[in-house]
Amino acid sequence: MILRDLRIDPARLTSRVERLGKIGALEGGGVCRLALTPSEKLGRAHLVAEMTALGLDVAIDPIGNIFGTRKGRSEGPAVMLGSHIDTVATGGLYDGALGVLAGLEVIATLNDGNIETDLPVVVAAFTNEEGARFAPDMLGSLVFVGGLPLAEALDIISIDGKRLGDELQAIGYAGTDQGPEEVAAYFELHIEQGPVLEDEAIAVGTVLGVQGISWTELTIRGRSAHAGTTPIRLRRDAGLAAARIAAGVGAFVRAMGEDQVGTVGAITLTPNLVNVVAEKAVMTIDLRNPDESLLQAAEAKLAALIEQVAGEETVTIERRTLARFQPVDFAPTLIEQVDGTAKALCLSTRRLFSGAGHDAQMLARIAPAAMIFVPSVNGISHNITEYTAPADLANGANVLLQVTLKQALPTNGEDA
């Protein structure tokens, strides 16, 4: 068998995506599998069953990360393929899940060909990548690489007031095993979640790295008052202060240029009534940039804006950092390998940075890491209409298969 000619089964991969997509399915399409909820528990059980059926040794670590290992000829460091299966509340079928399921498809293809690799190959599903229920995002992979103490992670409180450790126990995934002690290389296949590849008719995105991320929560405290009888000059309006900060973020982000992005994703007012001046506002600000110095500049602009608004609106503003990750560059050798492999498969490529956070940026702390992007129709993600065509899924999975072989079996391309 010529290993460079090996291909995954496109129909089988599509079926894997569709079957997992039925767990937590939403009306009209998409899924809701928030981390450590009953629906995600079912998704985890499905994944473990799939791993077991493929003959993988399944291990679950204390933060709930799931590792399925296909043994190699040696006990050397593992080649890891991974992502996550948790979603946002109105998620799609592909975000995260593709990286895990394509990893299973790589394993199935190796099994079909009775191909023994030199190094173990591990498929990983990391806990709470989205950060939609527990902050920070990429939590499971962050704990795995030693960036967040386990005890601290277990004490995190969710948006619905639940302790992470308790929820992990409740769904039965507070494991006692450990993941691989050493990772030779980490690859993550993912949908782009943006419009660039589709817009430029590019088959595969070679990801150079991940933007830095800064998440801040503000609690603004003013004074409740009657909306009709209280003069503007005597108000301490938390809602108005929140609106000014939101507008200010938009203004300085535009002024900084296209690499800088900023989002006010949530604003909650109290008492949230049409005829009452808000006494409290809680809001979030998401700042991202691939350049650390520019991200710090954006954070400084936000701090100055907060101080200005607090003074002018006579409110108090408390800040809390929800997540802060520096930009991450992926391993140049693996970037070249992904790009070269895609081109060898006659697939067009484009190099780009990821605008979203991924588990790969955490794994890059301990091992060479790289990502493979495939197009998202209309650039839509975190949405029930999220879609990537089966042919694009297969393209990405075939690149994943070949780079896995290059790392796990250096004789790739020889007769086996």
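Just a few scattered comments:
- Of all residues in segment 236-250 being open to solvent by 60 Å² or more (accessible area, probe 1.4 Å) and out of contact with any Ser or Thr (no Cβ under 8 Å at 6 or more places or on another chain), the one that is farthest from Ile213 (Cα to Cα): Leu240
- Note on segment 130-241: enclosed helices (runs of 4 or more DSSP H) holding 1 or more residues that are at pLDDT 95 or above and either more than 26 Å from Leu352 (Cα to Cα) or within 17 Å of the chain's Cα centre (by Cα) (or both) are 139-144, 150-154, 164-170.
- In this structure, Pro62 does not satisfy being in contact with a Pro (Cβ under 8 Å, 6 or more places away or on another chain) and open to solvent by 10 Å² or more (accessible area, probe 1.4 Å).
- Condition check for Val121: open to solvent by 10 Å² or more (accessible area, probe 1.4 Å), aliphatic (A, V, I, L, M) and farther than 22 Å from Glu18 by Cβ: no
- Helices (runs of 4 or more DSSP H) contained entirely in segment 260-364, each with at least 1 residues that are closer than 30 Å to Ala397 by Cβ: 332-344, 359-363
- Residue among Arg244, Arg254 that is assigned to a helix (DSSP H, G or I), without any contact (Cβ under 8 Å) to a residue 40 or more places away in the chain and under 32 Å from the mean Cα position of the chain (by Cα): Arg254
- Within segment 4-45, if we keep just the residues that are in a helix (DSSP H, G or I) and in contact with an Asp or Glu (Cβ under 6 Å, 6 or more places away or on another chain), the residue that is farthest from Ala108 (Cα to Cα) turns out to be Glu40.
- Test: Leu322 is aliphatic (A, V, I, L, M) and open to solvent by less than 20 Å² (accessible area, probe 1.4 Å): no
- Leading residue by the ranking (most open to solvent (accessible area, probe 1.4 Å)) among those in segment 21-59 that are in contact (Cβ under 8 Å) with a residue 40 or more places away in the chain and among the charged types (D, E, K, R): Lys41
This table checks each residue for (1) outside the structural domain of Gly92 (by the TED database); (2) buried (at least 24 other Cβ atoms within 10 Å of the Cβ); (3) not basic (Lys, Arg).
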position: Pro332; (1), (2), (3): no, no, yes
position: Asp339; (1), (2), (3): no, no, yes
position: Arg350; (1), (2), (3): no, no, no
position: Asp359; (1), (2), (3): no, yes, yes
position: Met362; (1), (2), (3): no, yes, yes
position: Arg365; (1), (2), (3): no, no, no
position: Ala370; (1), (2), (3): no, yes, yes
position: Ser376; (1), (2), (3): no, yes, yes
position: Asn383; (1), (2), (3): no, no, yes
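- Looking only at segment 270-302, and only at residues there that are more than 22 Å from Arg320 (Cα to Cα) and under 24 Å from the mean Cα position of the chain (by Cα), the one that is surrounded by the fewest Cβ atoms within 10 Å (Cβ to Cβ): Asp291
The values are calculated or read from the model by the stated rules, or taken from the named source; none is laboratory data. Quick caveat: nothing in here was measured; it's all calculated off a predicted structure. So basically every Cβ, Gly included, is an ideal-geometry build from the backbone, and we count neighbours across all protein chains shown. Just the protein is used for accessible areas: all its heavy atoms, side chains included, with ligands, DNA and RNA removed. Shrake-Rupley method; radii C 1.70, N 1.55, O 1.52, S 1.80 Å.
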